[in-house]
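Have a look at the structure below before the remarks.
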Amino acid sequence: MSAVVSYRLVLPPPWVRVPLGEETAERVRALVERAAEAAPREMPPDQLGPFKRELERRFMRQFEAAAAHGALDHYLPAAPVHGIHLGASFFVALARPEGGDSVDPRELVGGVLAERGSGPDARTVEIDGTVWVRSESTVAPDDDLAPGVDVGTRRVTYLTAVPGAPGQWIVVSFSSIGDGDPASDLTSITVELFDAIMSTWRWVREDAAVGAETAATPAGSPR
């Protein structure tokens, strides 16, 4: 089979992809302008300007934190869903486990499951012919991974080896504060939505066309 060069995800509106790199600042400005359009019409210009600058600062801090953890792309809803702010996002990152190319994917999957337990919080799932480890937890506020968030976060992680690329692994890390209660129905719905998005993951190989907005390069090579 031809080499994997990218991936695709099907995103429900208003979710968007923000590539982390040279395009980030441009995408952030577009997100801020979109958010500003939804601001109350009675908001005076002297308040709208600081609002946009603060929103841009928060976006950039969030994306820089993801990039520091090896993220290639960040996904988030660009607007409320049915009037509700989901408080959720996820990023796709490269990972290189200890041992590099010599690591057997089956051994790493087994090790992750053993480390995180065999219960419902860690299990294997198959997506597009690849076995992933899906793990879930509730974590305390972490300013490094979720800048400015001071409530508990529901976190879901998917891990797999890139097919045909020894030593290259993909981590997809989702975080949701929901309505501030990690165990609430709303927060659980955001997790279900993320699982639904992940079920659409498809590897893109070098002999296939790559979609513009829903594809990113797992190996971090030029697109």
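Details
- The modelled label-to-label distance for the pair ILE84/ALA165, using points 7 Å beyond Cα in the direction of Cβ, is 3.5 nm.
- Taking all protein chains together, GLU136, GLU33 sort by accessible area into GLU33, GLU136, largest first [probe 1.4 Å].
- Extended-chain gain in nm, criterion 0.36 nm per residue less alpha-carbon gap, ALA36 and ALA68: 8.7 nm
- Counting every C-alpha pair in region 1-100, the share spaced more than 21 angstrom apart comes to 43%.
- Compared with the direct C-alpha span, the chain from GLU26 to ARG96 gains 22.3 nm at full extension, assuming 0.36 nm per residue.
- FRET efficiency, 1/(1 + (r/R0)^6) with R0 41 Å, evaluated for ARG57 and ASP128 via beta carbons: 0.65
- For the pair ALA208 and ASP185 in one chain, pulling the backbone fully straight at 0.36 nm per residue adds 4.3 nm over the alpha carbon distance.
- For LEU159, the solvent-accessible surface with a 1.4 Å probe is about 30 Å², rounded to the nearest 10.
The values are calculated or read from the model by the stated rules, or taken from the named source; none is laboratory data. Computed from a predicted model, the values in this text were never measured in an experiment. So basically every Cβ, Gly included, is an ideal-geometry build from the backbone, and we count neighbours across all protein chains shown. We work out accessible area using only protein heavy atoms, side chains counted, and drop any ligands, DNA or RNA first. Shrake-Rupley method; radii C 1.70, N 1.55, O 1.52, S 1.80 Å.
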